[in-house]
Amino acid sequence: MKTKTFVQAISAIIIIVSSSMLVLAQVQTTGTLTGTVTDPNGAFLSGVEVSILNPATRFKREGVTSGEGRFIFAVIPAGTYSLTFKHEGFSTAKTESIKVEAAVTRTIEQT
C-alpha cells in the first residue's frame, strides 16, 4: 500500500512540474518589427537594405525590402532598437528608440 501511495505522490509531482514548465514555455519575450519603405512620392521601394540594432545588447539583424517595399523582423528580443535604411540613390535614413515589446508587432512606415 505504501508503494502505491508513493507512486501516486511521485506522479502528482511530475504532473505539477510538467504543467509549470508548459506555462513558462508559453511566456513570450520577443516581438516583431514590420513596415514599408516608400520614396517621397509614395511609391514602394524594393531592395532597400534594412538593419536593426539594439545598442544595449548589440543584437543585430539585416534584411532587404520586398517588391512591395515591405520588411519584417520576427522573433526580436524585447528592447529598444534603431533601424537603418540604405538604398542606392537615396540618403541613408535612421530611426532611433523603437521599442520592441513581447508579443507585440510594431509597424514602421519609412519615407
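Descriptive notes on the structure:
- Output for region 52-73, where each listed residue is more than 13 Å from the chain's Cα centre (by Cα) and under 15 Å from Lys86 (Cβ atoms): Gly63, Val64, Thr65, Gly69
- Filtering region 42-88 to residues that are open to solvent by less than 60 Å² (accessible area, probe 1.4 Å), outside any strand (DSSP E or B) and among the hydrophobic types (A, V, I, L, M, F, W, C) leaves Ala43, Leu45, Val48, Ala78.
- Of all residues making up region 30-41, the number that are more than 19 Å from Thr92 (Cα to Cα) and open to solvent by 20 Å² or more (accessible area, probe 1.4 Å): 2
- Scope region 89-107; condition in contact (Cβ under 8 Å) with a residue 12 or more places away in the chain and either in contact with a helix residue (DSSP H, G or I) (Cβ under 6 Å, 6 or more places away or on another chain) or outside any strand (DSSP E or B) (or both); matching residues: Phe90, Glu101, Ala102, Ala103, Val104
The values are calculated or read from the model by the stated rules, or taken from the named source; none is laboratory data. Just so you know, these numbers come straight off a predicted model, no measurement behind them. No Cβ is skipped: glycine too gets one built from the backbone with ideal geometry, and neighbour counts run over all protein chains shown. Remember, those area values only see protein heavy atoms, side chains included, never the ligands or the DNA or RNA. Shrake-Rupley method; radii C 1.70, N 1.55, O 1.52, S 1.80 Å.
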